[in-house]
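Remarks on the structure that follows.
The values are calculated or read from the model by the stated rules, or taken from the named source; none is laboratory data. Note that this is a predicted model, so its numbers are computed, not measured. Cβ placement follows ideal geometry from the backbone for every residue including glycine, while neighbour counts extend to all protein chains displayed. Note: accessible area is taken over every heavy atom of the protein model, side chains too, but ligands, DNA and RNA are not part of it. Shrake-Rupley method; radii C 1.70, N 1.55, O 1.52, S 1.80 Å.
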Amino acid sequence: MNRFRYELRLLLRSRVAAAALTLLLVLSAVAVGAGLSASARQTALIDRVATAQARDFAAATTQYGKPDGEAGYAAYYTFHLTSDRPSSLAFAAMGQRDIQPYVLRVRLLGLQAQLYETETVNPELALPGPFDFAFVLIYLAPLAVIVLMHDLVSGEREAGRLRLLSALPVTPGQLWLRRAGVRLMLVLLALLGPFLVGALVAKAPIWGVAILSLVAILYVAFWAGLGLMVGAWGRRSAFNAATLVGCWIVLVLLVPALANAALSRAIPVGRGVDLTLAQREAVHHAWDVPREAVMAPFVAKHPEWKDKARVGGGFHWKWYYAMHEMGDDGVAGQVAAYRASLAARQAWTERLGWLSPAAAAQSLVHRVADSDLQAHLAYQDNVTAFHRHLQDFYYPYLFSERPFTRKDFARAPVYAPRGSSSSTPVVPLLALLVLSLSAWAGGVVGARRTVS
Amino acid sequence: MSGRPSLVGRVAREEWRALARNRVAVVAGLILAVLLAGSALLCVEQRNAIEASRERHQASSDRQFDLQPDRHPHRMVHYGQFVFRPLSTLAFFDRGVDSFTGHTVFLEGHRQNSANFSEARQSSLLLRFGELTPAFVLQTLAPLLVIFLAYGAVASERERGTLRLLAAQGLGASDMLAGKLLAHGGAAGLILAPAALALLIAALLGWAPPGPAVLLLVIYGLYLAIWAVMAVLVSSLARRSRDALILLVSIWMVLVVLIPRTLPEAAARLRTQTLTRIETDIAIHADLNKIGDSHDPDDPYFSAFKAKILAQYGVRRVEDLPVQWAGLVGMEGERLTSQLFDRYAREAFAREQAQNRFVRGFGAVSPVIALRQASMSLAGTDIESHQDFLDQVERYRYAFVQSLNRMQVEQIPNQGAGEDPRIAAANWKRVPSFAYVAPDVLRLAGGRIAANLAVLIVWLVALLALCAPVARRLREDAR
């Protein structure tokens, strides 16, 4: 223990090392603060929208909630708000929450024409990516490690102390391992300290905090292992620094960017556009065919309305909403294919973790924080389920031709937030574990050789 | 700084020779050249694929519209029209915000739908690491190569003790500094060469607009020159080359990685929040209700409108109108809604621009911000180009809806039209289709491009102005 304290004092005497650690601590704290405030802003925005929506809903109630009100009009003019609040860990990893909408209003019309609406996003602000803990972890923490590790061995040689150190009666390599361990621990302390405080403030679940911390530890350990490996190589400090920065450029900037280019070419997602085009054809074609062509499949799907689904030649709300539901059903295959292409992109991104620990850490932290593409798809699923509730709610009024009054507005279903879709994907975690263990294995072998 | 040309040239030549002998430098340079050329080729191909798919969608959507059967024109107002944003040719060089903005808009009557299906919303988070375009390589990676080549330019002479030796042989400090600057400026030019080639070929083939292509070269040239001068200056001031490297990489970290990321957060927090679409929709709906209710026979606004129309046609009752009254009311309603759409869109864009101005103001602190702005503007992939597209789309939407409404006014009988009145399908071909006019970026964003160009020039001039005192320092050191 004494030795560790001695190493600590020795390390912190170096001005560059102390500055790098302090800077990392400050940036991590600022990022956690920024994440907490971004998270609070999103929650506040959801509340603000909910207030506006309540006014709009009240106006619709007054206008269409007459004693002889028609459910057809009410359903056409009433919007229902859905929202997706940030998870308690989102403050650490905002992910796509800056570009994916987290408020969406739907009504009883075809869902596929409503589900992909975009909210107001300032694309220029979204372009560089959010400044959050995940950014500090993935981009900046490795650089702090590089500053601390690049002259681990060469610094001693350049100061003329290396021969003296090798004469000490310790097991070969132990000294370097101890020093690397101290550095790794300090970086993790500076990095994770603010995060843990933030997690307490946000009341994040312990399991998620533990997984996120584990990811941070493995990821930083990878860089420390790499630093030890390069540092033990026996080259000059400047060369080591350049090599490690080179590794950083390749693993953090280049491989992900290359992989993204490959992925967007290999798995195109134009089907989203195709399915909206197809849905429009399905819905509008229904105006030009006999009513029966719409009502027959609708009744087959909803036998409970069999006796009440007869409509004449003119316009009827029963037929109108049946047509919208059938329009959605008509593109169900395309929706599934579209979703599959999005899921494929996500799956390949996770596999990419084997090539770049940065990509592995990125997909892990955002999956745990429930703020990635998959999280948004989970939100869409929940909106889809809510839309079914709307159908279940309005159809009895429509088909039994019951009046839709003021009281009935109050009975309308209210969107229930989705449960967390947070998970721990095995592939990137395994990749990160293997990569960081191999880096350390390489480092240990290198460190042993240095002394002998 | 007065330099003797022959000596300056010799210093530069020596530096070049040293760089050429440095195997790591040559390999790094080659890798960057491959990355640049490769990303340019890939992005041209990718840009063409995106453009082709948008064109195909547009054509098939237009065709489908024309093929619709006999219908009531109001049905066609809601059948609507899809428009797809064409991608500028220079988007291959800098994708800008294109991946973050939707490119598909569904147009219909009395609703303004959002632009949907942006690439970023449909990608995994991988996209947020950045897209591998020539702009990304030049903005992010090229400065690192410049730093790597130049960090030892003067510092290693100092370390080896040759600084004093050279001074003793009569080489003045300013001559040496000028030579090193010339060498590394030249190296920066060489780094830019593959991108320059790509841009010039694109311009010469008439594929890309020549003015913006050349200006792109100019701003990236300035940007790399800024890094070259900065690297040589830091190298001149550092005691050891290792210190110079660490300092330069730190500067790169702060300017290229850190500042661009932190500013948006500050902008979002400091500036007024933008209104969500939902709030905008609700506000427009409320405003419309305030103007009047066309279904209410006693409504003042629509009573006045009715009186005006009756006077115009010289009849006493709407039933006597020679044109369809409901269609006229529809046209008036569309006019009112459209005015509100325009007003709210303008306000929203102004709020967005206020946030962006905050970030852009920091161009003075980080030349990367000025460069990115200018680059996106020149490539036609900036937020203004997108807004220009949205404006064109809204103008078209209005014309499109009103042309259908006019058909209703003129062709659907005012009285006794029957239960299911329709007009001939041939009418749909007469509805104009969307013809996007690609903006002249120099006209659309000329002021902003000039401002950002000025920021880059000021940076370079300021750094060059620092050369004189640095040369003085060197002279003192060599004594």
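Summary of values
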{"item": "Residues satisfying the stated conditions in region B:82-118, i.e. among the polar types (S, T, N, Q) and at the interface with chain A (Cβ under 10 Å from one of its Cβ atoms)", "result": "B:Ser99, B:Thr101, B:Thr104, B:Asn113, B:Ser114, B:Asn116, B:Ser118"}
{"item": "Set A:Leu218, A:Leu251, A:Leu263, A:Leu258: member being assigned to a helix (DSSP H, G or I), more than 9 Å from every other protein chain (Cβ to nearest Cβ) and within 30 Å of B:Phe117 (Cα to Cα)", "result": "A:Leu251"}
{"item": "Sole residue being in a helix (DSSP H, G or I), more than 9 Å from every other protein chain (Cβ to nearest Cβ) and open to solvent by less than 40 Å² (accessible area, probe 1.4 Å), chosen from B:Arg63, B:Arg47", "result": "B:Arg47"}
{"item": "Flag for B:Ile246 being more than 14 Å from chain A (Cβ to nearest Cβ), closer than 22 Å to B:Gly152 by Cα and out of contact with any strand residue (DSSP E or B) (no Cβ under 9 Å at 6 or more places or on another chain)", "result": "no"}
{"item": "Complete set of residues in region B:169-186 that are small (Gly, Ala, Ser) and either without any contact (Cβ under 8 Å) to a residue 24 or more places away in the chain or open to solvent by less than 10 Å² (accessible area, probe 1.4 Å) (or both)", "result": "B:Gly170, B:Gly179, B:Ala183"}
{"item": "Flag for A:Val187 being more than 30 Å from B:Leu132 (Cα to Cα) and either of a type outside the set (Ser, Thr, Tyr) or buried (at least 22 other Cβ atoms within 10 Å of the Cβ) (or both)", "result": "yes"}
{"item": "Search result, residues across region B:435-473 that are assigned to a loop (DSSP other than H, G, I, E, B) and open to solvent by 30 Å² or more (accessible area, probe 1.4 Å)", "result": "B:Ala435, B:Tyr436, B:Val437, B:Ala438, B:Pro439, B:Asp440, B:Leu466"}
{"item": "Any hit, region A:124-139, residues being crowded, with 24+ Cβ neighbours inside 10 Å, under 30 Å from A:Ala412 (Cα atoms) and more than 8 Å from every other protein chain (Cβ to nearest Cβ)", "result": "no"}
{"item": "Region A:301-315 - residue that is touching a residue at least 60 places away in the same chain (Cβ under 8 Å) and either in contact with a Cys (Cβ under 6 Å, 6 or more places away or on another chain) or open to solvent by 20 Å² or more (accessible area, probe 1.4 Å) (or both) and, of those, nearest to A:His389 (Cα to Cα)", "result": "A:His302"}
{"item": "Filtered residues of region B:370-397 (kept if aliphatic (A, V, I, L, M) and open to solvent by 20 Å² or more (accessible area, probe 1.4 Å))", "result": "B:Leu390"}
{"item": "Residue in region A:233-247 that is nearest to the other protein chains (Cβ to nearest Cβ), counting only those that are buried (at least 21 other Cβ atoms within 10 Å of the Cβ) and at pLDDT 85 or above", "result": "A:Val245"}
{"item": "Filter pass, A:Leu89 being open to solvent by less than 20 Å² (accessible area, probe 1.4 Å) and farther than 17 Å from B:Thr280 by Cβ", "result": "yes"}
{"item": "Hits in region B:124-163 - residues which are among the polar types (S, T, N, Q), in contact (Cβ under 8 Å) with a residue 24 or more places away in the chain and crowded, with 23+ Cβ neighbours inside 10 Å", "result": "B:Thr133"}
{"item": "Residues of region A:316-346 that turn out to be more than 18 Å from A:Gln380 (Cβ to Cβ), within 14 Å of another protein chain (Cβ to nearest Cβ) and open to solvent by 30 Å² or more (accessible area, probe 1.4 Å), as a count", "result": "1"}
